[in-house]
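Here's the structure, in structure tokens; my notes come after.
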């Protein structure tokens, strides 16, 4: 039979890991969201201006820059304790 203390320890360890990985998950969602959002804005600007892939490429590039900036902040800035 499984002891309740082992289960409680497992859940507390899981909570600790999730808490520590929160900033990295947020940065990855920012990368995905910024690429999708700015790419979509570029796509619709291209349809509106009839300028093929110009604004789409600019939107994707800016989205990638913003996303990687957020990831770099998480990697290089140490969390406050």
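Summary table below
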{"quantity": "Relative contact order %, the chain, counting alpha carbon pairs below 8 Å whose residues are six or more apart", "calculated": "32 percent"}
{"quantity": "Rounded to 10°, Cα long-axis angle of helix 4-49 versus longest principal axis of the chain", "calculated": "0 degrees"}
{"quantity": "Order by protection proxy (mean Cβ within 10 Å, highest first), peptides 23-30, 12-19", "calculated": "23-30, 12-19"}
{"quantity": "C-alpha long axis of helix 54-76 to longest principal axis of the chain, angle in °", "calculated": "30 degrees"}
{"quantity": "Stretch gain in nm, segment residue 5-residue 17, where the contour uses 0.36 nm per residue and the Cα spacing is subtracted", "calculated": "2.5 nm"}
{"quantity": "For the chain, alpha-carbon Rg and Dmax in angstrom", "calculated": "20.1, 68"}
{"quantity": "Point-to-point label distance, residue 76-residue 48, nm (Cα→Cβ direction, 7 Å offset)", "calculated": "3.4 nm"}
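FYI, it's all coordinate maths here, none of it is from the lab. These numbers were taken from a predicted model, which means no experiment stands behind them. Positions of Cβ are generated from backbone atoms using ideal geometry, with glycine treated the same way; all protein chains shown enter the neighbour counts.
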